[in-house]
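Asks: Here's a structure for you.
The values are calculated or read from the model by the stated rules, or taken from the named source; none is laboratory data. In this text the structure is predicted, and so the values were computed from the model without any measurement. So basically every Cβ, Gly included, is an ideal-geometry build from the backbone, and we count neighbours across all protein chains shown.
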Amino acid sequence: MEGQHLSFHVDPLHWEQIASDLALLGPIQADLDICNQGNQDEGELYISASVSSKVQCECSRCLKPFSQSIASDFHLLYIPSPDSLPAEGYALTSDALDLHYYVGDQIDVDDELVSQLVLSIPMLPLCRSDCQGLCPHCGENLNLMTCLCRNEGGSPSTWADLKNFSHKEFHAESKT
Ligand SMILES: [Zn+2]
Ligand SMILES: [Zn+2]
């Protein structure tokens, strides 16, 4: 097989099925370079892939939903599906590459594209790099306004009152 380049959008109806866990806000764009770098006698296909899309994320600081662009570049190695179950040793020889099987002349990369997209979603997404988050005391969104707690040096006044109160109580008790 000659090396070839494929660029395509995953069919929207299809990605809604395979990526139903993802809150996708746009189509999945995929680019695949299929090269015959692998061992051609054994039908190895080496695929260099990039995939991108947009998902809805919730900001880990201010909890606001926002659109996050995600993208991933990765490589896949496909070999013809063996008639019987693969010997365990075979998968171990594939080094760092993910080893996948194909049947006939069909290669189904959709699941792989989706799992790579899932991996590229940030663990702690931020609506913007300098997001101020929520005030830990009053819950106000500090991107939108500066709350009173912050003006008082971050120490909520009710806590300060409580501290003074118990301090006085302690003295009152120790005198009796
Ligand atoms: Zn935020
Ligand atoms: Zn506050």
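Asks: Given the criterion modelled with pLDDT under 50 and surrounded by 11 or more Cβ atoms within 10 Å (Cβ to Cβ), identify the matching residue among Pro125, Pro156.
Replies: It is Pro156.
Asks: If you check every pair at least six apart or on different chains, which have Cβ atoms under 8 Å apart with a residue in segment 61-73 that is of a type in the set (Lys, Arg) first and a residue that is more than 7 Å from ligand 1 (Cβ to nearest atom) second?
Replies: Close Cβ pairs satisfying both conditions: Arg61/Gln132; Arg61/Leu134; Lys64/Glu58; Lys64/Asn141.
Asks: Please identify the pairs in which a residue from segment 133-157 that is closer than 15 Å to Arg61 by Cα and of a type in the set (Lys, Arg) has its Cβ atom under 8 Å from the Cβ atom of a residue that is within 9 Å of ligand 2 (Cβ to nearest atom) and at pLDDT 55 or above, counting only partners at least 6 apart or on another chain.
Replies: Listed pairs, sorted by first residue: none to list.
Asks: For segment 49-68, name all the residues that are part of a strand (DSSP E or B) and surrounded by 15 or more Cβ atoms within 10 Å (Cβ to Cβ).
Replies: Ala49, Ser50, Val51, Ser52, Ser53, Lys54, Val55, Cys57, Phe66, Gln68
Asks: Let me ask something additional. In this structure, is Ile34 farther than 27 Å from Arg128 by Cβ, modelled with pLDDT of 75 or more and either in a loop (DSSP other than H, G, I, E, B) or not charged (D, E, K, R) (or both)?
Replies: Numbers: farther than 27 Å from Arg128 by Cβ: yes; modelled with pLDDT of 75 or more: yes; either in a loop (DSSP other than H, G, I, E, B) or not charged (D, E, K, R) (or both): yes.
Yes, satisfied.
Asks: Just checking, how many residues over segment 135-150 are of a type outside the set (S, T, N, Q) and either outside any loop (DSSP other than H, G, I, E, B) or more than 6 Å from ligand 2 (Cβ to nearest atom) (or both)?
Replies: So the answer is 8.
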